[in-house]
1. State whether one or more residues within region 286-295 are at pLDDT 70 or above, in contact with a helix residue (DSSP H, G or I) (Cβ under 8 Å, 6 or more places away or on another chain) and assigned to a helix (DSSP H, G or I).
2. Determine which single condition Leu109 fails, assuming it passes every other condition in (1) in contact with a Lys or Arg (Cβ under 9 Å, 6 or more places away or on another chain); (2) buried (at least 19 other Cβ atoms within 10 Å of the Cβ); (3) at pLDDT 80 or above.
3. Can you tell me which residue in region 190-214 is modelled with the lowest pLDDT, limited to those that are assigned to a helix (DSSP H, G or I) and of a type in the set (Phe, Trp, Tyr)?
4. Residues in region 440-452: is at least one free of Cβ contacts under 8 Å to residues at least 12 places away in the same chain, of a type outside the set (S, T, N, Q) and part of a helix (DSSP H, G or I)?
5. Output the residues belonging to region 992-1018 that are at pLDDT below 85 and surrounded by fewer than 17 Cβ atoms within 10 Å (Cβ to Cβ).
6. Criterion first (farther than 30 Å from Tyr633 by Cβ, surrounded by fewer than 18 Cβ atoms within 10 Å (Cβ to Cβ) and touching a residue at least 24 places away in the same chain (Cβ under 8 Å)) does Asp780 satisfy it?
7. What helices (runs of 4 or more DSSP H) lie completely within region 663-761 and have 1 or more residues being in contact (Cβ under 8 Å) with a residue 40 or more places away in the chain and outside the structural domain of Ala1020 (by TED's automatic domain parsing)?
8. Could you go through region 200-223 and let me know if any residue there is surrounded by fewer than 18 Cβ atoms within 10 Å (Cβ to Cβ) and under 20 Å from Arg162 (Cβ atoms).
Amino acid sequence: MLVAGFSAVLPLSLSRSFGLSAQVIADSDRVGWPPASDQLDIHSMADAAFEAGDYPRAVRLYRRLLQSAKAEIYVRLAESHLLASQPLAALGVLNQARRQPGVSEPELLFLRARAHVLLEQPERAVEYVDMLLADSPQLYAEYPEIWRGSHKLRLAAVDNTRAREQLFTDLSAPWYTRAATELERTAARALYGEQRYEELASWLDARFSRFPGLTEERELQLLRAEALYFLSSAGAGSGEPDPGSTDPVSPDSVSQDREDVIAAYENLRSRVDEFTPQVYVRLFDLYRNRAAGGAPQVSELLEAAQRDLEAHPDILGAFYERMLSERFPSGDEEAVGRAITRLDRLGTEFQSYITPYYKALRLLRDEDPGSVDAARQAIRSYLRAGGENDPWLDLLLSELDYRQGNYSAAWQRIENPLPQESDASATVYGEDFRRQRLEIMLYSLYAAGEYQRSARLGAEHVDEYPRIRPVTARSYGGMGNFARAVQVLEPLFSPGSGVSPEDGLRSEYYQYLVKLGRWPDIISAQQGFSPDQPRDYPASRYLYGLALIQTGNFPEAVKLFGTLIQEEPGAELEIYADYYLGWASFRSSRDETALEAYERLVNRLKDDVQQGEDPAIPSAAPGALELFVRGAYEGAWAALRMEDYERGLDLLNTLLDSSTSPSLQETPEGGEAADIFARAVYLRAKLLMLDQRAEDAAAALIDFRDRYPRHELADEALLDYARVRASQGQVNRAVRSLYELISAYPDNSNAALAAYRIGELYYQNDRFQEAREAFNSYRDEYPRDGNIDAALYFSGRASWQSGETAAARLYWNNLVENFPDSYFRLNTMLLLAELYAEQGRESAAAGLYDMITSEYPGQAENLGIEERKSALSRSAPADDSWSVLESDPRLTEQAARDRVLELGKTLIIDQAGIRQRSQDLGPYLETLSSSGDASPRERSRALYLLGRGALQRAEYSRAAEYFIDAALSNSSDWQRAPEYLYFALESYSRQGADQEALAIYQQMKEIYPDSSWTLDGRRAIRRYIPGALPSGDDL
C-alpha cells in the first residue's frame, strides 16, 4: 500500500505515552477477536474512517484487526495515530510491526520519521529520511509517494543546503521520470531566494523541455521570467538586483535580452490570477524603458489592463496602486492621471483623487516634514489659477489639518452635511468620497479625544467599511471598553478576512486581549498570518510570547524570545525579552539559559534603578524597577537549582546594593517589588547556607528576621537559623531560636515543626532525657500535628538508649496501635519484637512477628520474619550449645549453625558471658561466614557478629571490613544492610578514617535516605567529625 502523503508538523501535547500503543494487543484480547466473517466488514469500516479523516475511530477499528497479523493493518494503524497527533502511540505500533512479515522497511522508516517530526525531534526524523534517500532510485521506483514525502519532510525539518542539493540532484537524475510539481516549485523557489538567477533560468528551461506539462505551471513560468528580468538588469550594469524591487531601469540598458524578458511576461498575460499585478507592473516598467515605441505600448497596456481585468477590480486596483507607488520620471504625468481616474471609477479601496489635486496628494504622501506646507501651497496656487473650491478640496484641506495636528479643525471643516447628503455623497461625489470623508472624521475625532462620538460614528459604518474598524476599536479602547474593541477588530483576524500586514493592528489587537486576559485568542490569531511588517511585528511577537507563557507553553516561549534577542540586539523591548526568556526557561528547566537572561537584564537595569530612572518599556510588561527586582530574585533561584551559588549571590548582592536607590525607597511598603525584595534578602541567606558559609548565613537570617519581623518567611528564617547553628554543634543556640519561633509565631504552622525539631536536635546529640521531655511537650501542645508518630518513635529510641526499656515499650506500643499508616510502624514492630525476645517474652514477640507477616506480607520474607520467629523456640542452654558445636565443627547441620548465631547474640551483642568464651566463638563464626551449607543471611549475620566482636576489642579496621562484607554478602536482606553500614561507619569514625566514614554515610544517604540507621549515621558523623556536613544536610 502507498503511505498517505506528507502531513505538516502540528502542535502536540506530549502527555500521551507508549502505554497507549503497548495496550493495543491487550485491548484486542479483551474485546474478543471478531470471527472471520466480520473481519472484512471491520477492515472496510476502518478504511472508510481513515479516508474520512476520523482517525480516532480508525485507530479503534484497526486495533481490532491486529491479530490478523497483516502488515498493512499495522502500517495503517500507525498512520492513523500520526494523523490523530499521537506520535508516541504510532511508534509503539511500529515497534510491533517490525516483527510482522510483509511490512516494508521504507514504510516503517517514513512513518518513524513523521512521528519524530510531530515530537519536535527533527534531527531524529532526518536520520530516518537519510536512510530512505540513501538509495533514491530504488525508493523512487518502488515507493514514489514515500520518495516525495521524504524530500518534503527533510526540507521542512532541517532547511539546509545539503537537503536542497540532493533534491536538485534527484530531480535531474535520469530515473526521475514523473514530475512532482510541488517539489519542482520548491527547488525553483530555493534558487530564486538565493538569487541564482542564471542557474534558475537554465534549470527551468531544461525542466520544461523534459516535462512539457510543467509549462502550464504559472508560478514556474513567473520565476523564469523574474530570473530573466534580473539577469537583464544586471547585464545592463544596474548592479546587484533586488528580488523585491520594481524600480525602473535606465532606457540605455534595453537589449535583445530585454526583449526576451518582455516575451516571457507577455506569455503570462493569458490568464488572470494572483500573479497578474506583478506581470503588469513588470511590463509597464519594461515598456517605459524600451528603446523605441515604448509610450504607445504603455498606453496600450493600460487599456488592456482596463479591458482584461474589468471583472477583477481587486487585481486591477492592485496593479494601479503598485504602478502609482513608483517614482515616475518626468513625462509620465498623463499615465498617472489616467490611472488615478480609472481607480476613481473602480470605486476600490485604494487612495484616489481627481487629477487637479494630484500634486498636493503626492506631496502629502512624501515623508518630508515640510511636505504638508508644500501641499497647502499647491492648493493655494490651484485656487489662484481659478480652480474650483468643492467638497473634494475641503476633504483634502481637512487631511492637511489632521496632518498638522489641528484635529478639531479637521473634523469641524467637514462636519456639516452636504446639501444632498442623503444620496448625493454616494452618487454625485462617489462612494470613495464618502468613505474618505468618514475616515478623516473618525481619525480627527479620535485624535481630539472625542472617543464617544468617534466610537458611535464608527459603529454605524464598520460593516460597510472594514477599513474604519481600527480607529473605531481605538475609540472604544480610549473609553476603556476593551471587550467592544476586540469585537470590532475580530473580523479582521478571521481566516479569509483579507487584512494585510500594513494594517498594523496585531499588537494593538493583542493589547486589548491582554487587558481581557484572553491569552489563547492571541495564540490563535498569531498563528493565522505570516509576519512582514517590521514596525509592528516585533511588538506583536512579544505579546504572543507572553501569551505562550500564560498558557504554559514554555518551550515555545523560550524559542521565540531567544530568536527576538538574536534578531534585534539592543532593541527597545530587549529587557522585556530577557525577563520573559528567563521566566520561560526557568519554568521549563533550562536553568543556564534562564540565568544568563536574568544576568543580562540586571546588568542592563542596575544603573538606571540606582539613579532612579525608569526606562520606557511596553505597557503589558512590569515596570523597570519590578523587572530589576524580579530578575535578580528569579535568577538567583535558577542559580540555586544549578548549585552555582556564587552567581546567585552576585545577582542578589547587586539587588541589595541598590536598596538605597530612590526607586526602591519610593516603593510603597507591601507593594509587589517590596515583597520580592524581602524574599531576595531571605534567599541570599539560603544561598549562603548552601554554600556552607555558616556564619554569614546565620547573620543574614537574623538580619532578615529583624528587618521583616511580620513577613510570612520570618518563621522560616528562624528554622533555618536553627539548622545552621545545629550544623555547627551549637545545639543550645539552635534550640533558643526554635523557642523564639514558637513564642513569636504561636499560630503559624511552623510553630509545631519547631517544637518537634527541638526534640529531634536533642536526640541527634545524645541528650536523650531532654529529647523525651521535648517530644512529650510537643505531643501535648500539638496532638494533631503530622509528626506525632515520629515523636513517639524517637522517644522510644531515646528511652531505649537510656536503658529505660519499659518507657520505650510504652512509646512504641502507642505508635503501633494508633498510627496504622505511619512510616515508622514496621520498624517499630521489629524493635518491639526484639525487645520482647530479649526479655524472654517469646509469645509477645511471636505475636508481633505474626502481625508483620499479616500486615506487611511483601516485606516479611525479606526481613526473615519466619526465621526470627523460629529462633524464638530454639533457646537451649549454653553448655548444650557448645557440645553441639564440638560435635559438628564444620557446621554442616542446621542445628549447629543456629547455635552459633544464638551464642553470638548472647556473648557478643548482649555481652552476657565472659570475654574468653566470646573469643572461643570466633573460629565458628569464621567457618559459618564462608560455609557453603549456610544461607546468605546466615553468612552475613556471622560477618556482622565478627565485626561486633572486633569493634568491642577496638580492632576498628578489621571490624569495618567485616561489616562491609556483611552488607554486601546478602542482597535479599536489605533491611539489615543499613545497620551493617552504620557499624562500618562507626568503626571508621573511631579509627579516625574520616574520608572512609563520610563515603559510607553518603552511600547510606543515597540508598537508604529514610532509614533510622542513616539518621544515626549522620549523628555519628557530627559527633566524631564536627563540621564535616554542610548546614543544609537534611534527610
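The values are calculated or read from the model by the stated rules, or taken from the named source; none is laboratory data. Source: prediction; values computed, not measured. We place every Cβ from the backbone using ideal geometry, glycine too, and count neighbours over all the protein chains shown.
1. Taking region 286-295 first, the residues at pLDDT 70 or above are 286-287.
Narrowing further to those that are in contact with a helix residue (DSSP H, G or I) (Cβ under 8 Å, 6 or more places away or on another chain): 286-287.
Within this subset, residues satisfying the condition of being assigned to a helix (DSSP H, G or I) are 286-287.
Yes, region 286-295 has at least one match.
2. (1)
3. First, the residues of region 190-214 that are assigned to a helix (DSSP H, G or I): 190-193, 197-210, 212-214.
Filter once more, keeping what is of a type in the set (Phe, Trp, Tyr): 192, 197, 203, 208.
Working: Tyr192: 82, Tyr197: 83, Trp203: 82, Phe208: 78.
Only one residue tops the list, namely Phe208.
4. no
5. Here is the first cut: in region 992-1018, the ones at pLDDT below 85 are 1010-1012.
Asp1010, the sole residue that qualifies.
6. For Asp780, the condition - farther than 30 Å from Tyr633 by Cβ, surrounded by fewer than 18 Cβ atoms within 10 Å (Cβ to Cβ) and touching a residue at least 24 places away in the same chain (Cβ under 8 Å) - is not met.
7. Numbers: elements: 672-690, 694-707, 714-727, 731-744.
Helices (runs of 4 or more DSSP H) meeting the threshold: 672-690, 694-707, 714-727.
8. No, because not a single residue in region 200-223 is surrounded by fewer than 18 Cβ atoms within 10 Å (Cβ to Cβ) and under 20 Å from Arg162 (Cβ atoms).
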